[in-house]
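The structure appears right after this line, and notes come after that.
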Amino acid sequence: MALETPETLDPDDWEGFRRLAHQAMDDMIDYLRDVDARPVWQPIPPEVKEFLADPAPAQGRPVEDVYRAFREMILPHQMGNIHPRFWGWVIGTGTPVGVLAELLAATMNPNLGGGDHVANYVEHQVLAWFADLFGFPADASGLLVSGGSMANLVGLAVARSARAEHDIRRRGVAAAPQPLTLYASTEVHSCVPKAVELMGLGSDALRLIPVDDRFELPVDRLEQRVTEDVAAGFRPVCVIGTAGTVNTGATDDLDGLADLCERHGMWFHVDGAFGSLAVLAARPPAHLAGLARADSIAFDLHKWMSMPIEVGGVLVKDRNAHRAAFALVPDYLAHQQRGLASGQDWFSDYGIQLTRGFRALKVWMSIMHHGLDRYRRVIQRNLDQTRHLVSLVEGATELELLAPAPLNVVCFRYRGAEQDEGALEALNREILALLAERGVAIPSPTKVDGRFALRVAHVNHRTRDEDFDLLTETVIDLGRQLTGA
Ligand SMILES: *Cc1c(COP(=O)(O)O)cnc(C)c1O
C-alpha cells in the first residue's frame, strides 16, 4: 500500500510551479526593462479597489490564477517609484539585482536573530563595509533594520540608556532624578519625535531649535538652550544632527555639534537617512566630514543606495552601550558554545526584533555586483542633475526656487505673475495633481517657510537629464494654462 504524502504548503506539481516561476521572472524582467515606456502613475480603477476589499478565500486556487490576478489587478497600479521621473518624498528606485537577491533571500528564509549560520556573517560583513565608509571603527556594532525610522529609534534608545544617570531600563523614564532632554533642529525628520514619544519621554523633551537661513541647526543657539536647560534642572542627553534634511537637503554642522556634545557629555546621534550616502560623492558636502564623530548613525539603503524597500542600518561606536540598551537573554535564547545556538553577537541583542529577515543579502549582492565605484558615479550624477534642475528653475522667470538646494532636494513652485500666497498654493497643488494624473512626473508636496512647494528629492538612478527638462517645461505649461497666461 502506497504511503500517503502528508499535505504541506509546497506545490503539488513542482514542474508546473517551475514553469510559472520562470514565466513570472521573464515578465518581471520585461516589466523593469520597459519601465520608462509607461506613465509614472495612474489612478487605481474602482473595480480594483473593490476586488481588493474581498474577504479571504476559504478555498485556494491554482497559483497560475493568483499570478494572473496579480498581473491584472495589482502590477499595473504601481506607486511609480521605479520610474525615471519619480522624485517624491525620498523613495528609492530599486534594481534588478535587488529583485534577484530578494528571491534568493526568501528561498533560504533564515532568521537573523542569532545563531551560528552564514546569513549572520553576511550582515556583519555589510555593516563593517558601512562602518568603514562612514569612518566608524571596525568594532562598531550595528544592525540592519526596516529603514531610517527604525534606525533612528534604535540609536536614540541607546543614547537614552547610555546617558541617563539611573538604570532606565529597570526604573523607567519617570524615575529620572532630572528629566532627560534631547535636541535637534526644527527640520528634523518626524520619525525622531515619534521615537522620543515612543521611548516615553514625551515630545516636549525634544527641544527643536529654529534653523538658520541655510536650514541648518545653529550650534550657538543650541548651546544656549542646553545651558538654560541644565540651569533649570534638566539632563541634556543627546543631540540629533541631520545629514540631509528631508525638506531641503541641508546638512547640520556635524563637527560643531560633535564638539558641543563633547563639552556637555551628550550623545551625538546623526540621522543620515539619505544624506550620509553623499560620502560617496566626488565632493561630499563639507559638513559631512563630522559624520565620523557621531556616537551613532542612522542610514537608509533603500533610498540613495537603490536597494529594495525595506532596508536601513544603524551603527553605534560603543558596542557595549548598544548591547546594554537591548540585550535580554532568556533561557530559550541562551547562546551556547557549539552548534547552531552558538555565536556571541546575536543581532537580537542589539535591537527590538527577534525574528529578522535576510535583508543583508540584498545589501551584499548589490554592493558585490555594482561595486562602490558605480554607486559613486550614480550618486554624483544625481547631484549634477540636481544642479541642472536648479539652473532650469533659476533660468525660468515663471518658476521660483523656495530654498537653497545644497544636496539633492529642490523646492520650487510655479510663480508666473501671481502674487497672492493663497492663490499660489492652490495653483501649485493643482499642478502637482495634474503632473501625477497625466503620468508625467512625481514630485511631492511640502511647505518651506509656510510656502507650498513642489519638492524633488533625487535618489533616482534611472533619471536622465532630459527628464528634468520635461518636468520644468510641463510645470510651466500647466501654470500658464491654469492662470490663462
Ligand atoms: C526617510 C527619512 C527618514 C525615515 O526613514 P524611513 O526609511 O522612511 O523609515 C528619516 N530621516 C530622514 C532625513 C529621511 O529622509
- [ ] Please tell me if GLY343 is in contact with a helix residue (DSSP H, G or I) (Cβ under 9 Å, 6 or more places away or on another chain) and buried (at least 22 other Cβ atoms within 10 Å of the Cβ).
- [x] no
Task: Condition met for ALA119 (more than 15 Å from TRP267 (Cβ to Cβ), touching a residue at least 24 places away in the same chain (Cβ under 8 Å) and among the aliphatic types (A, V, I, L, M)) - done: yes
- [ ] Mind telling me which of the residues LEU361, LEU333, LEU315 ends up being touching a residue at least 60 places away in the same chain (Cβ under 8 Å) and surrounded by fewer than 21 Cβ atoms within 10 Å (Cβ to Cβ)?
- [x] LEU333
- [ ] Within segment 185-231, track down each residue that is buried (at least 19 other Cβ atoms within 10 Å of the Cβ), in a helix (DSSP H, G or I) and β-branched (Val, Ile, Thr).
- [x] VAL192, VAL196, VAL219, VAL226
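Return the residue satisfying two criteria in turn: it lies in segment 160-174 and is assigned to a helix (DSSP H, G or I) and touching a residue at least 60 places away in the same chain (Cβ under 8 Å), and of such residues it is nearest to the ligand (Cβ to nearest atom).
The first filter runs over segment 160-174 and keeps only residues assigned to a helix (DSSP H, G or I), leaving 160-163, 168-171, 173-174.
From what's left, touching a residue at least 60 places away in the same chain (Cβ under 8 Å): 160-163, 169.
Working: ARG160: 18, SER161: 21, ALA162: 21, ARG163: 21, ARG169: 24 Å.
Residue satisfying both the conditions and the ranking: ARG160.
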- [ ] Output the number of residues of segment 267-285 satisfying the condition of being of a type in the set (Phe, Trp, Tyr), under 13 Å from ASP252 (Cβ atoms) and within 12 Å of the ligand (Cβ to nearest atom).
- [x] 0
Open item on the list: Residue under question is ARG413, and the condition is that it be under 23 Å from SER306 (Cα atoms), out of contact with any Ser or Thr (no Cβ under 6 Å at 6 or more places or on another chain) and among the charged types (D, E, K, R); does it hold?
Closed with: no
TODO: Name every residue in segment 291-300 that is within 12 Å of the ligand (Cβ to nearest atom) and either touching a helix residue (DSSP H, G or I) at 6+ places or on another chain (Cβ under 6 Å) or modelled with pLDDT under 95 (or both), in order of residue number.
DONE: ALA298, PHE299, ASP300
Task: From ALA157, ALA119, residue being within 30 Å of PRO11 (Cα to Cα) and either more than 16 Å from the ligand (Cβ to nearest atom) or out of contact with any Gly (no Cβ under 6 Å at 6 or more places or on another chain) (or both) - done: ALA119
Task: Pairs where the first residue, in segment 189-200, is free of Cβ contacts under 8 Å to residues at least 24 places away in the same chain and the second is part of a helix (DSSP H, G or I), C-beta under 7 Å, 6+ apart - done: PRO193/SER203; GLU197/SER203
TODO: Output yes when any residue across segment 135-158 is outside any loop (DSSP other than H, G, I, E, B), over 16 Å from the mean Cα position of the chain (by Cα), modelled with pLDDT of 95 or more and more than 30 Å from ARG235 (Cβ to Cβ), and no when none is.
DONE: no
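Here is a yes/no grid of residues against (1) of a type in the set (Asp, Glu); (2) within 16 Å of the ligand (Cβ to nearest atom); (3) at pLDDT 95 or above; (4) in contact with a Gly (Cβ under 9 Å, 6 or more places away or on another chain):
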position	(1), (2), (3), (4)
ASN408	no, yes, yes, yes
ARG415	no, no, yes, yes
ALA436	no, no, yes, yes
ASP477	yes, no, yes, no
- [ ] Please work out which one of (1) within 18 Å of GLN380 (Cβ to Cβ); (2) modelled with pLDDT of 95 or more is the condition PRO285 fails and give its number.
- [x] (2)
Open item on the list: I'm checking my understanding of the structure. Among residues of segment 1-32 that are modelled with pLDDT under 95 and hydrophobic (A, V, I, L, M, F, W, C), which one is nearest to GLU102 (Cα to Cα)?
Closed with: LEU3
Open item on the list: Just to be sure I understand, how many residues within segment 237-260 are surrounded by 24 or more Cβ atoms within 10 Å (Cβ to Cβ) and either more than 15 Å from the ligand (Cβ to nearest atom) or modelled with pLDDT under 95 (or both)?
Closed with: 4
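The values are calculated or read from the model by the stated rules, or taken from the named source; none is laboratory data. Source: prediction; values computed, not measured. Glycine also receives a Cβ, built like all others from the backbone with ideal geometry; neighbour counts cover every protein chain displayed.
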